Amino acid sequence: MKTLHIILASATTLLLAWSSFAPAQQPADPQAFARGAKAWADNCARCHNMRDPKDFRDDQWKVIVSHMRLRAGLTGQEARDILAFLQGSN
Amino acid sequence: MKLNSKQAAVAAALTLLAGAAQPAWADAETDKLKTEIEQLKREMRELRSVLERQKQDTATKQDVQEVRDEVSQAKKAGGSGLLANNSLVHLAGYGHVGYANRRGMNSSFGEVGFNPIFHYQYKDLLLFETELEIMSNAEGEAEFGLEYANMNVFANDYLTAFGGKFLSPIGYFIQNLHPAWINKFPSKPPGFEEEGGAVPVSDIGAGIKGGVPFGSGMKANYTLYVGNGPRLELSGAGDEIESIAATGGTTNPSKHKLVGGRLGFLPIPNLELGLSAAHSRVAVAPEGAPVEASRNYSVVGADFGWRWRGLDLRGEYMRSRVGDLDTSVAPLGGTWKTHYVQAAYRIPGTKWEPVLRYGKFTSPHADQDLKQLGLGVDYWFESDIVGKLAYERNDGEPGTPNDANRVLLQFAFGF
């Protein structure tokens, strides 16, 4: 009985871990752009000058925002919002 | 012309004659016609079947439209439209050229470097980042360095796991402000150099990091990691610890791992306060002799950065300590510490940004000590292209280069 519990618990944990691993497929979020604009203003001039959204293409911004998520300690949501803003403004 | 009766009679007679004579040669003619018709019919059939086949092979406009619709639907299903490609490769980086004039010593274009950064991203899951450093040295040769090369797995919104060689998460300047197009001063603050300073520069290991919301509008970020940690450099005479080798190597003679981290807190946007600490054990490895017993190593740091309109204020304190060890060839440990504060102000509506920086580095060796007041002005051609002119008033042990003032000129760009 005890072993079963352990097996069940570990399976659930693994499953949960895995599901959190797979990037969620959100439907297009109409608020993302507005939240992104604010998160961009709040975060993207802390270390260096603000970069013009027009400086880069959509695919370039995608990688840059991942890079900056690491540097700036952004949450995944902030990174997605900022990306939506940058890709919508370039 | 009107026919008269005689002519009409002749014509009728001829017609009759012709009619009577027909059977004599008509058979051959009909057969020939028949075979010709058969031939034509066959050719028609063949043509028709060729046409049918062609019809099957070529798509109509309608078919093309249907395929188009399918493709665009597949694209949409492929993930929020941002993920048209699963794999992305990206090149970033920066370059810089610098000129320095140290009073009483030579002046030269003493600095030229190019740092390419390569990124590989797989979906929203993985990011590899690699930065190389290519510098020119005094002999005209190129020196290569691997600044960092690491893999990051975005496990969920609040946690990213990383491993490889990375810039030290201890403190702020090294990881976040060192690139020449970001640092507002042409030189690094005293004690923040890659060699012989008071701060860890890079490490090889693994860890976790992320950002978390913290109450209303507040935010925090964290990094926790395990690495090979620093090594010790002996002085020329071999009886003193000259400096802490703070760039990450693939081994550590002490065989101990460093455990460290940083906590950042943002009570309001654009104000960040950070605390960092790391602990490990280090060991002297004298040339040709066995590695000594290990001794304590620790580093603590505090940093702040505040940006308000055109004003950029920041500062950092860092202290690295190596323990004493009686049995060592270099029994004395020591403390290497530094701090700096910097204020920069971008004059509104212009491309000019004056900068003021004060820094002080102290080490167990008086000739390494440096107290510095720096004054400079930056001209921003673009947000990532800058020209900098600065003056350093340096105060060190008399007679050492650390005691000579400098004029610096630097041009830097990022991309």
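Points to keep in mind about this one:
- Phi to ³J(HN,Hα) by Karplus 6.51 cos²θ - 1.76 cosθ + 1.60 over the stretch B:186-203, Hz, x for Gly, Pro: x, 10, 7, x, x, x, 9, 5, 5, 10, x, x, 10, 10, x, 9, 8, 8
- Rounded to the nearest whole Hz, the Karplus-based 3J(HN,Hα) values (6.51 cos²θ - 1.76 cosθ + 1.60, θ = phi - 60°) of the stretch B:117-132 follow the sequence 10, 10, 10, 10, 10, 10, 6, 9, 9, 10, 9, 9, 10, 9, 10, 9, with x at glycine and proline.
- A full extension of the chain between B:Val153 and B:Ala343 corresponds to an added length of 64.8 nm, given 0.36 nm per residue minus the alpha carbon distance.
- Whole-number percent relative contact order across the stretch B:89-220, with pairs defined as alpha carbons under 8 Å at least 6 apart: 17
- Over 30 Å between alpha carbons, listed pairs A:Lys54/B:Lys360; B:Lys184/B:Lys371; B:Lys123/B:Lys184; B:Lys165/B:Lys219: A:Lys54/B:Lys360; B:Lys123/B:Lys184
- Based on Cα contacts under 8 Å between residues 6+ apart, chain B shows a relative contact order of 11 percent.
- Calculated SAXS-style log₁₀ I(q)/I(0) at q = 0.11 Å⁻¹ - the stretch B:89-414, Debye, Cα scatterers: -0.76
- Cut-off 15 Å (backbone N to label point 7 Å along Cα→Cβ of B:Lys255), residues of the stretch B:268-285: B:281-285
- Cut-off 19 Å, label 7 Å out along Cα→Cβ of B:Ser235, residues of the stretch B:267-300 by amide N: B:283-287
- For chain B, the Cβ-based charge dipole about the Cα centre amounts to some 1800 debye (Lys, Arg positive; Asp, Glu negative; other atoms uncharged).
- Screening chain B for DSSP H helices whose Cα atoms reach 20 Å or more along their own axis and whose mean Kyte hydropathy is at least -0.5 gives B:5-21.
- Taking amide H as placed 1.01 Å from N in the peptide plane, the amide H of B:Ala330 sits under 5 Å from none that are at least 5 places away or on another chain.
- Cα gyration tensor shape of the stretch B:103-255, rounded if a/c is under 1.5, else prolate or oblate by comparing a/b with b/c: prolate
- Whole-Hz ³J(HN,Hα) from phi, Karplus 6.51 cos²θ - 1.76 cosθ + 1.60, for the stretch A:67-82, glycine and proline x: 4, 6, 4, 5, 5, 8, x, 7, 7, x, 5, 4, 4, 5, 5, 4
- Shielding by partners - mean other protein chain Cβ count within 10 Å, residues of A:73-85: 5
- One Cα centroid belongs to the stretch B:134-178, the other to the stretch B:342-398; the line between them spans 23 Å.
- Peptide B:116-124, shielding by other chains (average Cβ, 10 Å cutoff): 3
- Ranked by the mean number of other Cβ atoms within 10 Å of their residues, highest first, the peptides B:392-403, B:235-246, B:202-213, B:30-41 fall in the order B:202-213, B:235-246, B:392-403, B:30-41.
- Contour excess over end-to-end distance, with Cα ends at B:Lys351 and B:Leu146 and 0.36 nm allotted per residue: 70.5 nm
- Less than 5 angstrom separates the built amide H of B:Ser136 from those of B:Val112, B:Glu143, all sequence-distant by 5 or more or on a different chain.
Coordinate-derived values only; no laboratory data. Computed from a predicted structure; not experimentally measured. Please note: Cβ atoms are built from the backbone with ideal geometry, for glycine as well, and neighbour counts cover all protein chains shown.
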